[in-house]
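Colleague: Here you go, one structure.
Quick note: the coordinates plus some simple rules give every number you see, no bench work behind them. Since we're looking at a predicted model, the values are computed, not measured. Cβ: placed from backbone, ideal geometry, glycine included. Neighbour counts: every protein chain shown.
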Amino acid sequence: MTVVPVLTMPGGDITHPVPDLTGYITEGQIVLSADVQASGVYPPIDGLASLSRLMRKGAGAGRTRDDHLDLAAQLLASLARSRQVRELAELVGPAALSPADRSYVGFADAFERTLVAQGRGEKRGLTETLDRAWAVALTLPEQELTMLPAAMIAAHRDAAKVGSVDDAGQ
């Protein structure tokens, strides 16, 4: 049996003890965001606020794909950086951002539109999800992908180039 408890708090306060403790009981939580919903992304999942305490035990080589854990760590670190960059852009303006910082703004948009967004009737498997995650990660300059092995990056960049050549020929 699978149980999906749903908890809502006034004002969306996930720091309140009830949602905080619920996350420990359920070993994780998916947090929905009004800001993500306002941007038109469905389901409006907040990737940084959501968590899974069991992922390390159920993902990776021999369980999912060997790139799964490294890729997830890179995406979360990059998402955190993108939030910092967006806050900085509000203070100094987007024109004052470095090229690397601007790439994080694009990354955050790609994360929501390519990886999180899913049609109500869309069924997406793990392989497609991880492939989309790579497409999102590869929107960043390679020097920003510090949590991924160089060989893994190269393999996925090469696969992305082959896919784009195949798509262009159709």
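Colleague: Among 82, 39, 98, which one shows the biggest mean-square fluctuation in a GNM of the chain, springs joining Cα atoms closer than 10 Å?
Modeller: Result for the chain, Cα springs under 10 Å: 98 fluctuates most.
Colleague: Please state the shape class of the range 97-152: rounded when a/c is under 1.5, otherwise prolate if a/b exceeds b/c and oblate if not, all from the C-alpha gyration tensor.
Modeller: oblate
Colleague: Just to verify a number: FRET efficiency for residue 158 and residue 123, C-beta to C-beta distance, R0 = 35 Å, to 0.05?
Modeller: With a Förster radius of 35 Å, E is 0.80.
Colleague: Which order do the peptides 109-116, 121-128 take when ranked by the mean count of other beta-carbon atoms within 10 Å per residue, highest first?
Modeller: Ranking, from highest mean packing down: 109-116, 121-128.
Colleague: Same structure again: Using only Cα atoms, locate the centre of the range 2-64 and the centre of the range 81-106, then give the distance between them in Å, rounded to an integer.
Modeller: Measuring centre to centre over Cα atoms gives 26 Å.
Colleague: Sticking with this one: Per DSSP H run of at least 4 residues, take -39500 (n - 2.57); add these up for the chain, divide by its residues and hand me the 222 nm value, nearest 500 deg cm²/dmol.
Modeller: Only helices count here, giving -16000 deg cm²/dmol.
Colleague: Okay, moving on. If you take the square roots of the eigenvalues of the alpha-carbon gyration tensor of the chain and sort them as a ≥ b ≥ c, do you get rounded (a/c under 1.5), prolate (a/b over b/c) or oblate?
Modeller: The shape class here is oblate.
Colleague: So, with +1 on the Cβ of K and R and -1 on the Cβ of D and E, and no other charges, what is the size of the charge dipole of the chain about its Cα centre, to the nearest 20 debye?
Modeller: 320 debye
Colleague: OK, next. Once you order the gyration tensor axes a ≥ b ≥ c over the Cα atoms, which shape class does the range 53-151 get: rounded for a/c under 1.5, otherwise prolate or oblate by comparing a/b with b/c?
Modeller: Prolate, since a/c reaches 1.5 and a/b exceeds b/c.
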